[in-house]
Amino acid sequence: MKNIQLIHNTYHKNGWHVTRVYKVVDMMLMRVSMRAWLLALVGTAILFMILWGHCAELNGFSRPILSNALTDRGRGGVADEIECSINGEYSVTCRRDTERDEVFVPFSLVHKYFEIYGKITSTDGVEKFEWSHSYGKIYHPKKKYDPHGTFTTFENYNVEVRDRVKCISGIEGVPVSTQWEPRGFYYPTQIAQFGLAHYSKQITEPEPKKRIIDDGEKHLENWIISKDAYMAREFDTSVQSNVLRFSTADHASSQVWLKVNLSQDFVFSVDIQMKPNSSLTVVLQNKEKKETVYLHYVTSMQLISAQEDHIYYGIGTDLQWRRLTRDLIIDMQKGWALQDRPKRRSPRNKFKISSIILSGIGSLDNVTVSWSAHMAQFYAAARWLVRAQRPRTGGWPIPVRRRMAAGVAELRPGWHSAMSQGHAISLLSRAYYRSGDATYLQAAKRALYLLDVPSHAGGVKALWMDKYVWYEEYPTKPPLFVLNGFIYTLLGLYDLHIIEGENSISLAKKMFDDGMTSLKTLLPLFDTGSGSFYDLRHFTLGVSPNIARWDYHATHVNQLYLLAGLDSDPILINTAKRWEGYMQGKRAAHN
């Protein structure tokens, strides 16, 4: 009887695997001819390798030589060190592959010299080096820009995490900037960006789940009351709701508090009314180690203070009911930053809310936590813009000094920015669209006034060659013609025009059309052949050009793609495509 077996042999040669499956039909015959079989098998394997290598070369495939050149030192001079002289100014150590007549330069030199970016990545255990010419990101519009919808690409913005945001004010609920003043100030451009980002996120993100902790009616918690403290549930006619009233003694041990165990959701909201010297404290605990952070929201006008694990935010001294909405993780991080403690990445999954503590005298209602509260933060920005707008000029003066460049006058406190005006118009238009409150629309219309006032008269309008209007982000003398701020202003004008009525003949529409004419006329002046200019100071001041860094260049490209959906002039889409090519290493042709 014949015995049939399947035997698998694998041979390894230069990283390739050759597998042969053969049959042993007759054990006796196999013993006799084993040597012949082995010789035939080895010969077949050698022939296979020769043919495989020959075919690979014909198909344009070859093994990468870079790793060999850098690691296989000693092979006939391959990868010898060689001095590279950089323009006769300095030298670096390079590697020379004598077999291929190649020189390998350290990527650190390439990165610094040419502003090229790269990193080693790993996929399924296979490493590769990813090379990129820019760090900016382009977002191609999926549909025509809609003034009712997201604002440009702001759903990707997280204004509050920026280093130049000192904190989110406990009184106003908007960012406090340290951009040009370390003590902090309300910067209207940043506040509008904060609101527009949250509006855009509200549209693009799923509706967050809200967890009600205590609402005085359906959801009632068992608060713990110390012996000399008081708590009761009473009906409040001013808010037409059952509320929780509390009162504690002056010493720290007198408290009303609630023990909770809440993870993942850290946006805390509560309706609150407190008398002076009262506070609401939310306690966060690290789930992995013994670390406790106390966030105190106190009835004072102070902005923020911190001492070790205790962080304090003033929420004002108004005795009226108010809605307090806080991102607890952001509040904790800003308190750490105030103490110069090391930055910590993504701590949300490490912490939990462990308790809520009430001290002093006050009332609260509708205690909730959720993943986000975008519309509350959007309307906080909208309300601030209405309150802070100057009724006579319709502007939002910036209360800090700003020096832009040598040769131009310093912008003194109280200057205005077209970008602030444009961003505010975009936000207020959306607030009117969502709420129907005419207060927002009136504020947006008032903001147009300064756009038509020359910079030398306190406004933000400049003229190129005494003909083409330009809305100045920084109204310097002489003007700089900043590109990104001008386009953001145009979008604000377009937003207001559409909100007023697309078929209406409005001042916003005329100003938008005038600005688009200027943009299409001056746009070629911003093209470097390998990127874009941030402004035109090389024309107006006769100094070295101010080349836009890649994130600003990406902003230019994104803005042009949006405008190309509103205006069919080919200069917009062609410029956007060419400038996007610059980000991929493409350059203008030489003569």
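The values are calculated or read from the model by the stated rules, or taken from the named source; none is laboratory data. As the structure is a computational prediction, the values presented were derived from the model and not from experiment. As a convention, Cβ positions derive from the backbone with ideal geometry for all residues, glycine included, and neighbour counts pool all protein chains shown. Ligands, DNA and RNA are excluded from the accessible area calculation, which covers all protein heavy atoms including side chains. Shrake-Rupley method; radii C 1.70, N 1.55, O 1.52, S 1.80 Å.
Just need a number here: residues in segment 535-550 that are in contact with a Phe, Trp or Tyr (Cβ under 7 Å, 6 or more places away or on another chain) and more than 18 Å from K461 (Cα to Cα).
The total comes to 5.
Any chance segment 496-510 includes a residue that's in contact (Cβ under 8 Å) with a residue 12 or more places away in the chain, polar (S, T, N, Q) and either open to solvent by 30 Å² or more (accessible area, probe 1.4 Å) or part of a helix (DSSP H, G or I) (or both)?
The answer is no, given that none of the residues of segment 496-510 is in contact (Cβ under 8 Å) with a residue 12 or more places away in the chain, polar (S, T, N, Q) and either open to solvent by 30 Å² or more (accessible area, probe 1.4 Å) or part of a helix (DSSP H, G or I) (or both).
If I573 satisfies every condition in (1) of a type in the set (V, I, T); (2) out of contact with any helix residue (DSSP H, G or I) (no Cβ under 6 Å at 6 or more places or on another chain); (3) open to solvent by 40 Å² or more (accessible area, probe 1.4 Å) but one, which is the exception?
Only one criterion in (1) of a type in the set (V, I, T); (2) out of contact with any helix residue (DSSP H, G or I) (no Cβ under 6 Å at 6 or more places or on another chain); (3) open to solvent by 40 Å² or more (accessible area, probe 1.4 Å) is unmet by I573, namely (2).
Of the numbered conditions (1) closer than 30 Å to E155 by Cα; (2) open to solvent by 60 Å² or more (accessible area, probe 1.4 Å); (3) touching a residue at least 24 places away in the same chain (Cβ under 8 Å); (4) not small (G, A, S), P342 satisfies every one except a single condition; which is it?
Every condition holds for P342 apart from (3).
Across segment 463-480, which residue is nearest to I425 (Cα to Cα) among those that are in a strand (DSSP E or B) and open to solvent by less than 10 Å² (accessible area, probe 1.4 Å)?
Here the answer is Y471.
Would it be correct to say that R412 is more than 18 Å from Y186 (Cβ to Cβ) and either in contact with a Cys (Cβ under 8 Å, 6 or more places away or on another chain) or not small (G, A, S) (or both)?
For R412, the condition - more than 18 Å from Y186 (Cβ to Cβ) and either in contact with a Cys (Cβ under 8 Å, 6 or more places away or on another chain) or not small (G, A, S) (or both) - is not met.
Which members of segment 283-321 meet the condition of being part of a strand (DSSP E or B), closer than 20 Å to V176 by Cβ and touching a residue at least 60 places away in the same chain (Cβ under 8 Å)?
Y297, I304, Y313, G314
Please go through segment 243-280 and pick out each residue that is of a type in the set (S, T, N, Q) and more than 39 Å from the chain's Cα centre (by Cα).
Scanning segment 243-280 gives S247, T248, S253, S254, Q255.
Against the definition (open to solvent by 10 Å² or more (accessible area, probe 1.4 Å) and small (G, A, S)), how does A382 come out, yes or no?
The answer is no for A382.
Taking the conditions exactly as written (open to solvent by less than 10 Å² (accessible area, probe 1.4 Å), hydrophobic (A, V, I, L, M, F, W, C) and within 16 Å of H148 (Cβ to Cβ)), does A443 satisfy them or not?
No: the conditions fail for A443.
Test L483 against the criterion of being open to solvent by less than 20 Å² (accessible area, probe 1.4 Å), touching an Asp or Glu at 6+ places or on another chain (Cβ under 8 Å), closer than 19 Å to T152 by Cα and in contact (Cβ under 8 Å) with a residue 24 or more places away in the chain, and give yes or no.
So L483 fits the description; yes.
May I ask you to say which residue of L522, L493 is open to solvent by less than 10 Å² (accessible area, probe 1.4 Å), touching a residue at least 12 places away in the same chain (Cβ under 8 Å) and either under 30 Å from S435 (Cα atoms) or not in a helix (DSSP H, G or I) (or both)?
L493
Consider segment 284-306. How many of its residues are of a type in the set (V, I, T), surrounded by 19 or more Cβ atoms within 10 Å (Cβ to Cβ) and out of contact with any helix residue (DSSP H, G or I) (no Cβ under 6 Å at 6 or more places or on another chain)?
Of the residues in segment 284-306, 3 are of a type in the set (V, I, T), surrounded by 19 or more Cβ atoms within 10 Å (Cβ to Cβ) and out of contact with any helix residue (DSSP H, G or I) (no Cβ under 6 Å at 6 or more places or on another chain).
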